[in-house]
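Take a look at the structure set out below.
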Amino acid sequence: MTEPLVQLTSVDKSYWRDSLEIPVLHNINFEVPEGEFLGLMGPSGSGKTTLLNLIAGIDRPSSGRVVVCGEDLSRLSEGALARWRSRNIGFVFQLYNLMPVLTAFENVELPLLLTKLNRSERRRQVETALSIVGLADRMKHYPSQLSGGQEQRVAIARAIVTDPNLLLADEPTGDLDKQSAKEIMELLSRLNREFNKTIIVVTHDPRAAEKARIIRHLDKGELEAA
């Protein structure tokens, strides 16, 4: 039996504000097999984004163990963690986080500038990613020339252009109208089905979670039993 792609064991996370400890996550035990599409639901303030940041290696747990893509993240230095993240994680944000002065092509190319790929290899991968999300004809457009749904598609293309092992999406439909939100979730579902991408989507919208194959609920920092 293969190891899960994501494994959290007895994970707690607290933040400190002056001398006051603010607990966010408590005793999280969590596994995600390779190829899964998981929806992580819960009300605002339940710790969903914090959990996603721990899995992405953006944040570190106060205690417990986070193993992702076979790597115990607590053992990595900040530099090693950044290199690991660039190889393994694709991240999609609610507000797209696109650079307004760059075209769709240039935004998607950004993660590849940290690799050893030459210009023609980068172009090939960017064009493939934009084609997958249905925006091959918009690669020269700037974010201001795109709809919100198209901007999020560019953000997804940027997240998949390095062919990461794990795709993490934090409220990817939270800033979109109903139809655009539906299309984005269908796109993520297709990435899971056709490209076998392991995906974790954080959302508080039941309609957005419908495309996930498994749904887990987080409430007040605790993960409800599966």
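Could you list all residues from region 167-184 that are of a type in the set (A, V, I, L, M, F, W, C) and under 15 Å from Asn53 (Cα atoms)? Listed by number, the residues that qualify are Leu167, Leu168, Ala169.
Pick from region 37-79 the residues that are closer than 23 Å to Thr203 by Cα, free of Cβ contacts under 8 Å to residues at least 60 places away in the same chain and assigned to a helix (DSSP H, G or I): which of them is nearest to the chain's Cα centre (by Cα)? Only one residue fits best here, namely Asn53.
So which residues in region 196-213 are more than 16 Å from the chain's Cα centre (by Cα) and at pLDDT 90 or above, if there are any at all? Break it down into steps so the answer makes sense when it comes.
Here is the first cut: in region 196-213, the ones more than 16 Å from the chain's Cα centre (by Cα) are 205-207, 210, 213.
Answer for region 196-213, where residues must be more than 16 Å from the chain's Cα centre (by Cα) and at pLDDT 90 or above: just Arg213.
Against the test of being aliphatic (A, V, I, L, M) and exposed (fewer than 14 other Cβ atoms within 10 Å of the Cβ), the options Leu73, Leu25, Leu20 yield a single qualifying residue, Leu20. Taken over region 96-106, the criterion of being under 13 Å from Gln145 (Cβ atoms) and out of contact with any helix residue (DSSP H, G or I) (no Cβ under 6 Å at 6 or more places or on another chain) is satisfied by Val101, Leu102, Thr103. Considering region 173-226, and only residues there that are among the basic types (Lys, Arg) and under 22 Å from Asp163 (Cβ atoms), the residue that is surrounded by the most Cβ atoms within 10 Å (Cβ to Cβ) turns out to be Lys197. Residue count for region 15-36 under the criterion of being free of Cβ contacts under 8 Å to residues at least 40 places away in the same chain, of a type outside the set (Asp, Glu) and assigned to a strand (DSSP E or B): the result is 5. Flag: Glu3 does not match the condition of being acidic (Asp, Glu), closer than 29 Å to Met185 by Cβ and buried (at least 18 other Cβ atoms within 10 Å of the Cβ).
Consider region 107-160 and keep the residues that are touching a strand residue (DSSP E or B) at 6+ places or on another chain (Cβ under 6 Å) and β-branched (Val, Ile, Thr). The one that is nearest to Pro172 (Cα to Cα) is Ile156.
Scanning region 156-177 for residues being small (Gly, Ala, Ser) and within 10 Å of Ala104 (Cβ to Cβ) gives a total of 1.
The values are calculated or read from the model by the stated rules, or taken from the named source; none is laboratory data. Keep in mind that this is a model prediction, so the values were computed, not measured. Reconstructed Cβ throughout: ideal geometry from the backbone, glycine too, with neighbour counts over all protein chains shown.
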